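Heads up, the thing below is written out as structure tokens.
Bear in mind these aren't lab numbers, they're just calculated from the coordinates by the rules spelled out. Being a predicted model, the structure only gives us computed values, none of them experimental. All Cβ positions, even for glycine, are placed from backbone atoms using ideal geometry, and neighbour counts span all protein chains on display.
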Amino acid sequence: MTTKIRRKNKSIRAGLTGGASAVALALLTVSPAMAQLVDDEIIVTARRVSETLLEAPVAVTALSEAQIENLGIQSVDDIARHTAGFSFSNAFGRTTERPVIRGAANILAGVQFGVEAGAAYFVDGVYYSGDLQALDIRNVERVEVVKGPQSALYGRNTYSGAINFITKRPSSSGTEGSFEAIVAEDDEYQVYGRISQSLIEDVWGFSLSGRYYEYGGDSAWKNAADNGRQMGEEQSLNLNATMDVNFSESTTAIFRLGYADDEDSARPFRLIGAEQNNCSPGYRSGAYYDPNLNPLPPFLPPPPFAGIFPNTVTTDSNFQYFCGELSQFEDLDPAQDINGTPFLGVERQMVFGTALFEHQFDSGWDLTMSAGYRKQDLLTGSDSDHQVGGINFVAISPFFSIPTDNAFLNTTDTGEVEDISLEARLSTDPAKRVRASVGGYYYDQTNEGQSGALSRRTADDRLGLAPSNTLTIENKAVFGTLDFDMSDALTVSLEGRYQEETKGRQEFGGATTAAYDQSVTFDDFVYKAILSYDISDDFSTYGSYARGVKPGGVNGSIGVASGDEFYEPENVDAFELGLKGRFLDNGRFTLSGYLNDISQYQLTTPVAAIAGGNVNSVATNQGNAEIMGLEFEGSYDLSDYLRVGGSYAWTDAEFTSGCDDFQFTLNSGGYLIAAFDRTNPPTTGTIRGSANPTVPTYDPDGLFTGNLSCDISGNKVPLTSEHQVSLYTQANFPITDSMNGFINADFTHESSKFIQVHNLMETGATNILSGQIGVTYDNIRLEIFGRNLTDERTPPAATRWFDLLEGFNTISSQIPGATSIDRNVTGPRSTFLSYRRGRQIGARIQVDF
């Protein structure tokens with residue numbers, strides 16, 4: 001196949017212009033050794049055409065295979081640390097990933113079905129829905145992080161950006177291969193091997209690769225709820241096969257099949273109890289909760305479940321919340337009760353395959369088609385009451401309680417996920433002055449969930465499984481692009497997509513017939529316009545406007561009572577300016593500034609309802625936000641042997657309007673806000689159930705503050721860092737004619753992140769130093785590496801939660817007026833935090849042939 005290249009100021013402006021397949025097919029005509037460099041420039045496919053990194057009119061960070069190796073990148077988290085404007089966190093081990101690009105975060109992303117992170121993963125240009133922390137990074141040739149709304153070009157869930165992993169291609173001539181082994185502290189072992197063979201030169205090739213990974217868990221992760229047993233063990237097996245077929249000079253196909261098997265033990269996280277609360281006095285505090293609902297009114301006898309909990313609460317603090325940095329608790333041991341649910345940890349088996357096809361017509365037009373298939377079986381289990389010992393009873397009234405299937409809030413869940421994606425795209429000749437494309441897209445996902453219970457276990461069913469829910473997504477879209485070179489230097493680009501997405505939810509509650517069955521459909525038209533200008537051979541600039549959308553969805557039965565059964569899409573109007581160039585011959589830089597105006601921001605609202613043993617939150621459209629920022633990335637070759645580089649991102653993510661229920665509780669002294677119109681949220685609420693909605697009927701200890709504000713305008717968007725810095729230096733120098741030495745070091749800083757909209761609780765700043773030192777001899781690489789040499793322990797994520805040990809209610813509901821007080825049955829507010837892997841020293845050997 002002959003790829004048409006359109007050069008403009010020494011750049012590749014258009015290679016293959018196919019749809020999803022273009023990402024993988026764009027480099028067909030270059031040899032493996034030079035697959036990412038043309039005219040000493042990295043080639044990216046961020047706009048699904050082949051362009052140099054410096055002239056692509058979009059903010060994109062591209063990490064080549066060499067950079068992945070020299071920066072010691074092992075995971076999505078490492079990629080985020082070296083990408084300006086990209087922040088990553090996960091709350092539950094190697095699940096529930098929350099990629100945040102340019103501050104557009106969502107707390108429920110990865111936790112509640114259908115709530116999107118806003119940044120999507122792609123593998124070889126094919127949409128990938130799911131967690132990627134167990135990805136075999138050694139099978140990746142390049143990573144591209146495309147920032148800003150990409151909804152028009154990439155489709156669903158690329159509201160704030162797209163993260164594309166381009167995998168390695170088979171050899172086009174002869175045999176190639178590699179072997180790698182890693183040994184590190186905390187019983188980490190990795191073995192990777194790959195072989196690639198061209199069966200018919202330049203016509204038919206294949207590659208096979210495999211990886212085994214084992215990690216014994218950080219030595220500091222000793223389970224406080226299980227006699228110090230080790231937590232956080234991880235194990236993965238990855239197998240990949242790729243076949244590349246050139247049927248003719250104009251017709252090619254690539255087929256990829258991958259298998260992953262992950263097994264993780266109890267994940268390291270723990271509760272920081274309500275006894276640590278230090279701000280916002282009020283009734284939603286440990287001082288007003290009693291484990292056994294005592295004292296009761298004189299005419300009521302003691303409940304028969306007295307004694308299940310301690311006779312007294314563990315704290316008399318009347319504070320409702322914790323203010324400050326959670327990093328002060330990083331040395332506390334994690335705690336997961338092992339007896340409250342059938343399973344703790346993660347088990348995942350997954351098959352992921354793609355097929356990419358391209359045909360070039362004699363006219364210069366291209367037809368590209370892609371298909372993706374993913375089948376995943378996921379089992380997770382956790383101790384979500386975070387107490388030592390199981391709470392196996394639920395209080396129904398002051399007179400009796402009932403046993404639960406599992407310890408209260410402890411969960412074992414399975415999900416069988418199957419999804420397919422199909423895309424076809426027809427593009428005009430990329431060498432023409434006016435270029436266009438049109439295409440269609442289809443995506444379908446089904447997730448059949450089951451819940452496990454101790455009470456249902458049998459000899460044949462260790463988990464005691466029963467149907468819990470069936471969740472579906474269907475997305476259909478048509479899209480197109482138009483590019484017009486107004487001159488040799490000035491180009492106008494237009495992108496547009498019309499899509500229809502339906503999300504469905506069935507809830508079974510252990511039965512065979514659905515007790516709840518609803519779906520919702522949203523139609524959206526998203527678009528983007530770009531004006532790019534090549535100032536000279538060394539500098540280019542661009543400006544763009546884009547409309548992006550984050551899908552809405554179904555909260556389910558838990559949202560019915562509060563009127564939040566469904567939630568609407570979140571929309572963004574994004575403006576961006578960028579400048580890219582070379583300086584002093586050996587330097588390169590990219591600079592971008594942006595302003596995102598977000599409407600119908602999807603926030604988290606707690607729901608005081610218990611379904612299947614779980615206390616839930618729902619997604620609601622409660623406000624608007626404005627996010628602005630600056631991003632810089634650059635590198636400079638000080639000599640033939642020494643390169644320095646780095647990046648900086650400033651992100652100012654702030655709510656411009658919004659009313660939050662618990663903000664009202666914190667401000668008022670512990671009262672419940674009356675229902676309000678979420679589409680037009682107020683700044684001041686009224687007290688629920690009070691005779692005078694601005695003055696509580698019942699205030700026994702005078703804790704009412706008189707502050708009825710629920711306003712979050714001016715608050716920072718949670719899970720977003722204002723400042724991110726990365727610095728690196730890479731030295732490669734000759735020792736003998738056949739041996740080179742290398743020394744690499746990198747440092748990253750991420751400022752503290754708030755964990756909720758209240759801006760009271762935050763993670764603390766994170767500083768990580770890593771490095772490598774070693775030699776290469778012919779085709780052998782030997783290195784000693786250090787990860788997180790600063791032994792940074794700041795929690796990567798934290799989640800607002802509650803402290804069950806303090807009891808189920810505050811003031812008895814039998815007291816007139818007490819129902820206007822936040823008496824949530826789950827206890828006073830607290831938080832649980834995840835744990836960061838500490839310092840590791842290890843060794844690595846790599847052999848290429």
> Between THR458 and ASP333, what FRET efficiency follows from the Cβ-Cβ distance if R0 is 25 Å, with the result rounded to 0.05?
Replying inline: 0.15
>> With unit charges on the beta carbons (Lys and Arg positive, Asp and Glu negative) and the dipole taken about the Cα centre of the chain, which residue among TYR594, PHE479, ALA459 sits farthest to the positive side?
In response: PHE479
>> Suppose every Lys and Arg Cβ carries +1 and every Asp and Glu Cβ carries -1, with no other charges. What dipole size does the stretch 506-650 come out with about its Cα centre, to the nearest 20 debye?
In response: 180
> How much length is gained on full extension from ALA241 to PHE575, taking 0.36 nm per residue of separation minus their Cα-Cα distance?
Replying inline: 116.1 nm
> What do you get for Rg/Rh of the chain when both radii come from the Cα atoms and Rh is the Kirkwood radius?
Replying inline: 0.98
> Which Rg and Dmax, in Å, describe the Cα atoms of the stretch 780-849?
Replying inline: 24.5, 80
>> Would you report the distance distribution of C-alpha pairs in the stretch 687-811 as whole percents per 5 angstrom bin, up to the bin with the largest distance?
In response: 2, 8, 11, 10, 10, 11, 9, 7, 7, 5, 5, 4, 3, 3, 2, 2, 1, 0
>> About the Cα centre, and with charges only on the beta carbon of Lys, Arg (+1) and Asp, Glu (-1), how big is the dipole of the chain? Nearest 20 debye, please.
In response: 820
> Hey, can you rank 315-325, 268-278 by average C-beta count inside 10 Å, highest first?
Replying inline: 268-278, 315-325
>> Going by Cα centres, the stretch 821-849 and the stretch 171-246 are how many Å apart?
In response: 22
> Nearest 0.05, what FRET efficiency do ASP316 and THR684 give at R0 = 41 Å with Cβ-Cβ as r?
Replying inline: 0.85
>> At 0.36 nm per residue, and after removing the present C-alpha to C-alpha distance, how many nm does the segment from ILE845 to THR656 gain when stretched out fully?
In response: 62.8 nm
> Which one of PRO342, PHE361, LEU666 is farthest out on the positive end of the charge dipole of the chain, using unit charges on Cβ (Lys, Arg +1; Asp, Glu -1) and the Cα centre as origin?
Replying inline: PHE361
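Give the calculated FRET efficiency between TYR636 and HIS723 to the nearest 0.05, with a Förster radius of 25 Å applied to their Cβ-Cβ distance.
0.70
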> Going toward the positive end of the dipole of the chain, with +1 on Lys and Arg Cβ and -1 on Asp and Glu Cβ, which of VAL191, THR251, THR521 do you reach last?
Replying inline: THR521
> Using only helices, what value at 222 nm comes out for the chain when you add -39,500 (n - 2.57) per DSSP H run of length 4 or more and divide by the total residues, to the nearest 500 deg cm²/dmol?
Replying inline: -1000 deg cm²/dmol
> Can you give the Rg and Dmax of the stretch 123-253 based on its C-alpha atoms, in angstrom?
Replying inline: 19.5, 65
> Placing +1 at every Lys and Arg Cβ and -1 at every Asp and Glu Cβ, with all other atoms neutral, what dipole size does the stretch 189-285 have around its Cα centre, in debye to the nearest 20?
Replying inline: 500
>> Could you order the peptides 71-77, 126-132 from most to least packed, using the average number of other C-beta atoms within 10 Å per residue?
In response: 126-132, 71-77
>> Using the basic label-point model (7 angstrom from Cα toward the beta carbon), what is the LYS432 to LEU531 distance in nanometres?
In response: 2.5
>> So for each of 567-575, 156-164 I average, over its residues, the number of other beta carbons within 10 Å; can you give me the resulting order with the highest mean first?
In response: 156-164, 567-575
> For the stretch 455-575, max minus min Cα coordinate along each principal axis, in Å, sorted largest first?
Replying inline: 73, 35, 24
> On full extension of the chain, what length is gained from ASP523 through PHE583, given 0.36 nm per residue of separation minus the C-alpha to C-alpha distance?
Replying inline: 17.0 nm
